Every structure is written in C-alpha cells, then in structure tokens.
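The values are calculated or read from the model by the stated rules, or taken from the named source; none is laboratory data. Because the structure is predicted, anything quoted here is derived from the model rather than measured. Ideal geometry is used to build each Cβ from the backbone, glycine not excepted, and the neighbour counts take in all protein chains shown. Calculation scope for accessible area: heavy atoms of the full protein, side chains included, ligands and nucleic acids excluded. Shrake-Rupley method; radii C 1.70, N 1.55, O 1.52, S 1.80 Å.
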Amino acid sequence: MVRDLQLRVATAEDLEWIHELRHRVYARELGQHAPDPAGRLRDGLDGDNVYLVAARGTARIGFVSLTPPWVGRYALDKYLTRDELPLPADGDAFEVRILTVEPRWRSTAAAPLLMYAALRWIAARGGRRVVAMGRTELLGMYRAVGLRPVGRTVHSGALTFEVLTGDVSELTRVATDRHGVALERLRSAVDWRLDVPFAPRPDGCEHGGASFTAIGTDFRSLERRRQVVAADVLDAWFAPAPGVRAALTEDPGWVARTSPPTDADGLLAEIATARALPAETLAVGAGSSDLIFRAFGRWLTPESRVLLMDPGYGEYAHVTERVIGCRVDRFALRREDGWRIDPARLSAAVASGRYDLVVVVNPNNPTGRHAPAAELRSVITAAPDRTRWWIDEAYLGYVDLTESLAGLAATDPRVVVCTSLSKMYALSGMRAAYLVAEPATAARLRRWTPPWPVGLPAQLAAVAALRDPAYYSDRWLRTHALRRRLAADLAGLDETVVVDEAVANFLTLTLPAGGPSAAQVVAECRRHDVYLRDLSPLSPRYEGRTVRIAVRDTAENARIVAACRAALDLLRPAGAGPIPADVLAAGSVQ
C-alpha cells in the first residue's frame, strides 16, 4: 500500500518534472522518441490537456494526462483519422494517455490510483466515454480496469500501443464492484486533493440537495435550516399558498394518522378542473421521479433507443441508461446557440424513426431555456408514428401555463406530458405530480399504480394549491424580479464570469477557462453555509465551469452573492489548483 499518497491536479511547478520524466522514460528508457539534448520531452497538447499527479511529500511519483473533448483535438489524431477512432457520434470522449510512474514506484498502487483518479475526474466533468492508448505489454492492467481494445494498433518509435475504449459508467462499476474493497482500504491512505469525491454516489445519479447534509439527515438539528442557504436544489423560495398551510395545520393529528383516498380521486378531479383536461387522461404519482420510473419501466427495455437533450435533467439518463440499460443518444444543446433547441435539427435527428422515446424538459433543467410550444408541436407532428415523446413541464409556470402541450398529450398517443407540483407550487416536501396521456395510455399506467400513490398531506396540499392560481401567479412574477436582481449582482462580481439568467427559478454562472473549477467554487461557498450546484457531472458541455443557483429571497440572495465573492477572491490567485481536503469532504455529495 502507498501511504500518504497525494493525488492532485498538476501545478505549474510540476510541469518541469513531468517533461523531464517523460524524456527519461519515453526517450531514453523505451525508445519511443529521439533523445533531446535538453533532457525534456514536451507535448503538443500542453496547455490544453490536464495532468493529474501522484506525490508523496515533496517526491513526485507519477502522472497521467487527460484531454477533454472541448479541446477539439486528441493525441490520437496523429495516428488515426476520426473515422478510425472509437469515438461516439457526439464527440464527447475524454482521452487518457501517458500514464507514467517513476521506476521505484511501479510495483505499488500508484499507477492504478492515477487511473482511478482520471476516471473520477472525467466522471465529474460529465464524461461518458474514455479513449486511451495503452502499451501492448501492459494490456492486462488496462483490461483489469475495464478498458477494451478496439482492434486498432499504433506504432510510435520502438513502442506498440493498442487503442482502448470504455464507458465511464461501466468503468466505474468495475472499479467499485471488482476493486471496491481495495479502493476502500486505500481511501484512508490517500491524500485526495481532486475537486471530486473519492467515491461515486451508490446509485450513480447526481442530484442537488446536498444542503440537507448540513442541516442533518437524521433531523436532530433542524434549527440549522435557518443558517443554511439551500440554493443547490430548485425548491421554491416562497411558502405555499395560505390555503395549503391551513389544510395542513387545521388538524395535523388527523392528517398524519388517516389513510388518503385510495386512487387520489379528489386530486385527479382538481387537476382536471384546473387544467381543463378529461380526468381519464391523468395519472398521479409521488413526484415526477415516481412517474418516470413507473412509465419508463413499462415502456422501455435494453433494446429500446432513447434520445435525451444534453445538457438535461440527470434523472432521465440515470433511469434509461443505468436502471433499464437502454441505448441512449444525446441531442447536443450548444452554448453558442444559447442552449436553445433547434427545431430543424431536432426534426432531422428523429426523422429516421430509430427512437422509441424522446425526452424534452421544457423549460429545460439545467439550461433554463424554454422551447415555444408551437415549435415543439410542429416537430412532434412531423415525427414518425413509432416515436413516443415525454415532455417534462415541471417549470412551465415560470413561463406561461398556456404554453403546455397537455392538450396534445390528451389526444395524441405518442405524447405524454409530466408535471411536478413541487417546484412551481412550493410543495417539494409533499411529493406530488401528474402526467397527461391519451385515455388508453393513462389507463394502462393507472393499472400499474399502487394504491395510495400520494399521501394525504400531499393530496390536501396539492388540491389547495391548485385552487389559488392568483397567489402562485404573483409569486412566479416576483421570482423573475428576484432572479434579475441576483443575476445583476453576480455579474458585477467579476467581468470574467458569465451569468445566464434564462426563464425559470434558477440561473447559471460560468467561470472562465483556466480559472477555478465549478466544484472548487461550490466547495468554498459551503464554508459560508451557502449551497450551490456544480453542473459538471451532468454534461461535458459545461467543461467543469458552470454552477447552477436557485433563486432565493432577497436576504438569502445577498448571502449567495457574498459567498460567491469570497470564493472568487480566494480561488482566483490559486487558479485551478487543489482545494483543502476538509472543504472537499464537507461537499462530498453533489
């Protein structure tokens, strides 16, 4: 075991040693390159790639190089064309290369730990596929961690390399299932300085809500809620309508001990009235996740093909890829296009009819962009009959409820609209949601709905909320005002950060390339009991630089701005260097 092994992103001071070690190993020891009189071997990707370093005290032990997809080129481009490379169609692969360890440390865990660190760093940036070039004599080591040859061999000097690839989720599974005991043993011996937790979440799905770890998930210190700013999850900043609070407090003992209506008939009737929909087109659930798991589990198999927006709400990728095992493609939303869905490009993507399901969150989470209903309706109308569409309208109230496609879903068997009552109606703790589908589809889903799908407090709260549209319309308007003020204050902190206000109850803050990572800023803000969401694990399109911030009330927004100011002031001189381990430990659930 390597004790006190530090794993970190390389600093500027490490580069001279990296160039010297590369020359010593690949020029003099292995003969891949001609020796250089200066004794240094530099890389054409230096400045764009990322080096992770293993060190013990002042002694540097080894390094590995990572090339993110946003660089736009790979070292493998020198040997193979893009058509020959095992890259996904979206071009989002991360390249891992030149794993190098000092000779006296090669029989230790240094090399496997550097590979594991590379995997965790890539996963934290939303990576889904890895491509690598491994020396043929070390092929067994690469196979052991889950990488597989693709049948392409590369010759460089005296060395022969195999081109390897692997799915990040599969590599993570191999690491935790096959090597989990060893990794857990090493965890206490490693000084982990990367801006990503050592181990992934057990379910593999990243959510917001880490702020509850500061409050206490055992509920013994709920008074902490008054000190914590929970802007990492998109709960409403305002309280539920007065009628909701009255329904829950009038006789709380009765509410707690009484079984709810078995099929939530009253709630279904209230939704039907409020949304002018036939009751037979509705099904309810304990939040949108309940409906997603239930519906997708009935409709999809590992042979199903699904198209997701990217970036998009992580629950959909989790259910389709990791729970069901579908073949999932991504429809790339582009920063240069303002993250909007291009209807012509989406129509072209689905025209072949190869997709069983297309998922659109509208307004999108996490980009905050809204696609006009007329545009989406046109795309759906022109799409092949075999393709089902799932439209998630959890944040539509912040735009305009008349933009809903629920009316289309009630008559078109290809379309389902899902609506959470949590975020728009300040009912996140209640867990209530509904979907709209044509009657036969809705009936089949109701048959697979267990009795009492929504608890009595949630049914009472949801009914009361739907009966007070004026209250919520006012709160949604006030949310826009609060968001505009928060966006202006954040934009004033630093001219190098980009604030994207969008349309819902959140905004995003993108840090400059070469500056601190989103994870570092999020971790530093937690020192001030301000919890924000690092969007990096959702998509490589965020390049590890984007933070999502939920809109809170005026006082809490001021605390958010102050915490961001302090974080940027502290991290700016250090650039993208390591953050203190105690900060990282406090923020290990993202």
Quick one: go through segment 398-424 and flag any residue whose amide nitrogen is under 20 Å from the point 7 Å out along the Cα-to-Cβ line of Arg298. 406-421
Just to confirm, what accessible area per residue do you get for the chain at 1.4 Å probe, in whole Å²? 41
Per residue of the chain, what 222 nm ellipticity follows from adding -39500 (n - 2.57) for every DSSP H run with n ≥ 4, rounded to the nearest 500? -9500 deg cm²/dmol
Expressed in nm to one decimal, what extension gain is obtained for the pair Arg185 and Asp263 from 0.36 nm per residue of sequence separation less their Cα-Cα distance? 23.2 nm
Relative to the Cα centre, what is the charge dipole magnitude of segment 349-496, using +1 at the beta carbon of each Lys and Arg, -1 at the beta carbon of each Asp and Glu, and rounding to the nearest 20 debye? 440
To the nearest 0.05, the calculated FRET efficiency linking Glu336 and Arg305 through their beta-carbon distance, R0 being 35 Å, is 0.80
Write down the percent of antiparallel bridges among all DSSP beta bridges whose residues are both part of the chain, to the nearest 5. 65
Among Leu291, Leu277, Trp237, the residue whose Cα sits farthest towards the positive end of the charge dipole of segment 212-306 (+1 at Cβ of Lys and Arg, -1 at Cβ of Asp and Glu, taken about the Cα centre) is Trp237
Express in Å², to the nearest 10, the accessible area of Trp339 obtained by rolling a 1.4 Å probe over the protein heavy atoms while all chains stay in place. 20
D (Stokes-Einstein, µm²/s), Kirkwood Cα radius, segment 95-156, 1.567 mPa s at 4 °C: 101
Hey, how many Å between the Cα centroid of segment 210-237 and the Cα centroid of segment 107-162? 40
Which ³J(HN,Hα) values, rounded to whole Hz and listed in residue order, are derived for segment 230-238 from phi using the Karplus coefficients 6.51, -1.76 and 1.60 in 6.51 cos²θ - 1.76 cosθ + 1.60 with θ = phi - 60°, glycine and proline given as x? 8, 9, 9, 10, 8, 5, 5, 7, 9
Spelling out what I want: for every residue of segment 33-42, take phi, set θ = phi - 60°, compute 6.51 cos²θ - 1.76 cosθ + 1.60 (Karplus), and round to whole Hz; glycine and proline get x. 10, 5, x, 10, x, 7, x, 10, 10, 9
Which residues qualify? For Arg552, with a placed amide H closer than 5 Å and at least 5 residues away or on another chain, they are Asn557
Peptides 47-56, 120-129 ordered by average Cβ neighbours within 10 Å, highest first: 120-129, 47-56
Given the Cα atoms of the chain, and with Rh set as the inverse mean 1/r over their pairs in the Kirkwood sense, what is Rg to Rh to two decimals? 0.99
Of every hundred units of 1.4 Å-probe accessible area on the chain, the number belonging to carbon and sulfur atoms, as a percent, is 52
